[in-house]
Amino acid sequence: MPKGSVAITTERCKGCGFCVEFCPTHVLELSSAFNAKGYHPPHMINAEKCSGCNLCGMYCPDFAIFGYRNPVDKPQKGTHS
Amino acid sequence: MSTTELHVHNPVEDLLRQDRIPTIWCPGCGIGTTVNSFAHALLGQDIDLKKTAIVSGIGCSGRVSGYMNLDSFHTTHGRAIPFATGLKLANPELNVIVYSGDGDLTSIGGNHLLHAARRNMDLMVVCVNNMIYAMTGGQAAATTPGAANSTTTPYGAFEPELNIPQIVDAAGACFVARWTAFHVMQLERTMAKALKKKGFRFIEILSPCPTYFQRKNNMGDGLAAMVDYKKRSKIKNGCPTWETVLEPGGEIIVGEFVDREREDYLTRMRRQLGSNYTEFPPQMEEHESEGCSKEC
Ligand SMILES: Cc1ncc(C[n+]2csc(CCOP(=O)(O)OP(=O)(O)O)c2C)c(N)n1
Ligand code: SF4
Ligand code: SF4
Ligand code: SF4
Ligand SMILES: [Mg+2]
């Protein structure tokens, strides 16, 4: 499992692209789909690279995305997730 | 993707009035980005949010007070600082934050800014500088670069723009900083620091306005401005504020420029008045019930 993930409220998104541009590991891309207001919300294209750092959330001017760390499963020492 | 998503929650939302979202801000406007830094700065401290008030003037930036789930005052254009001053003097226990635009705070409200800094009034002032009067259609403000095109200056203006950190520093502010909407983490740290300090604290944030400032000057969208900030910014903490002038296309000097101790207005008033000073409103004794005290 990747270290983190994002939650996206697609209907709030205005397609500015800040989250896509400033994600340090290039996890996101604006999708070709439209939301109800006609904007292209982001989706994950490199989900496995998400660290859950929430930089996308810090940049989003419309509170439409945020990153969070996945809970670490207990017996994970030594194994690759 | 997994069930954990159902339980995740963006902490910023606790500080927003959910029923007022989506905001009126245009796609690519930077004001909302600054709100994230502000919300995280507030949440990261042991600050009593019940004793925290936010005051704005009028403008796109002035909408911030209405979106924050705090005691909010949306005042008249240019007068956020006088309202905030009254609030602070009437109830010195409050943490009072002014959040407004460059036109509001430095153009129509410029005189109030100067004098609040001179008095070292215990306020934190956040100025979102998009270099234009945005809400009313892109008229030139005191912060609009002289060569820039605006609705009221189609041939540019024949005057230099205000270097805000320099004037608030000269007037006596005890804390002066500048960041851009690109510097989300630095801005959060600076805001956290400023929230804890006493006296007049001023933070300027350069922020994209794709709809007016940038469109009138062929500067692309909000993202283009953010990328440009990233490219042109140079962090110079402690930089003398006369060196922080914004040259079009030149370096954008950002950082914490001033951090000094100076007696604030209320402390000075108490000191000068000595035993003649009574706290207003009179401190309640025993029971903290609402309504009148014994005398009335
Ligand atoms: C006394 C008064 N004069 C003028 C206006 C019109 N007005 C409303 S917002 C605004 C400009 C706001 O500019 P700024 O503070 O930079 O905020 P921005 O919209 O750029 O974020 C003006 C001139 C007003 N509301 N009241
Ligand atoms: S949480 Fe961090 S790594 Fe994950 S998408 Fe957002 S910015 Fe990228
Ligand atoms: S930063 Fe927010 S509004 Fe902009 S594209 Fe990403 S999710 Fe949409
Ligand atoms: S007009 Fe400019 S400042 Fe106002 S919401 Fe739109 S982009 Fe933001
Ligand atoms: Mg403005």
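Laboratory data are not the source of any read-out in this text; all were calculated from the coordinates shown. Predicted model only: the values in this text are computed from it and were never measured. Every residue, glycine as well, gets a Cβ built from its backbone with ideal geometry; the counts of neighbours run over all protein chains shown.
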Ellipsoid semi-axes in whole angstrom, largest first, where each is sqrt(5λ) of the Cα gyration tensor of region B:9-265: 26, 21, 18
Part-to-part distance (alpha-carbon centres) for region B:4-77 and region B:152-201, which is given in Å: 19
Theoretical FRET efficiency, 1/(1+(r/R0)^6), r = Cβ-Cβ of A:PHE34 and B:SER72, R0 35 Å, to 0.05: 0.55
Virtual spin-label span in nm between B:HIS9 and B:ASN91, 7 Å along Cα→Cβ: 2.6
Environment charge at A:GLY15 (Cβ cut-off 14 Å; Lys +1, Arg +1, Asp -1, Glu -1): -2
Gain upon complete extension [B:LYS236, B:MET219; 0.36 nm per residue less C-alpha separation]: 3.6 nm
A:LYS3 versus B:ASN111: modelled label distance in nm, points set 7 Å from Cα along the beta carbon direction: 5.5
Per-residue average of Cβ from other chains inside 10 Å of B:11-21: 2
Charge dipole of the protein assembly as shown about the Cα centre (unit charges at C-beta), most positive-ward option of A:GLY52, B:VAL55, B:GLY250: B:GLY250
Taking chain B and dividing mean pair separation by its residue count, relative contact order in percent (alpha carbons under 8 Å, at least six apart): 17
Value of [θ]222 nm, deg cm²/dmol, for chain B, DSSP H segments ≥ 4, -39500 (n - 2.57) each, nearest 500: -8000 deg cm²/dmol
Semi-axis lengths (Å, descending) of the ellipsoid that matches the C-alpha gyration tensor of the protein assembly as shown: 36, 28, 19
Relative exposure of A:LEU28, B:LEU223, judged by other C-beta atoms within 10 Å (fewest first): B:LEU223, A:LEU28
Net charge of Cβ neighbours under 12 Å - reference A:CYS50; Lys, Arg +1; Asp, Glu -1: +2
Cα-based helix-to-principal-axis angle, B:184-196 vs chain B, degrees rounded to 10: 20
Orphan Cys of chain A, criterion: no other Cys C-beta under 4.7 Å: A:CYS13, A:CYS16, A:CYS23, A:CYS50, A:CYS53, A:CYS60
Relative contact order computed over chain A (Cα-Cα under 8 Å; 6+ residues apart), in percent: 40
Residue among B:ALA80, B:VAL8, A:SER31 farthest towards the positive dipole end of the protein assembly as shown, charges placed on Cβ: A:SER31
For B:TYR277, B:TYR155, order by how many other beta-carbon atoms lie within 10 Å, fewest first: B:TYR155, B:TYR277
Proxy reagent accessibility, fewest Cβ within 10 Å first, across B:ARG270, B:ARG63: B:ARG270, B:ARG63
Selection from B:TYR265, B:LEU70, B:ASN129 lying farthest towards where the dipole of chain B points positive, charges on Cβ: B:ASN129
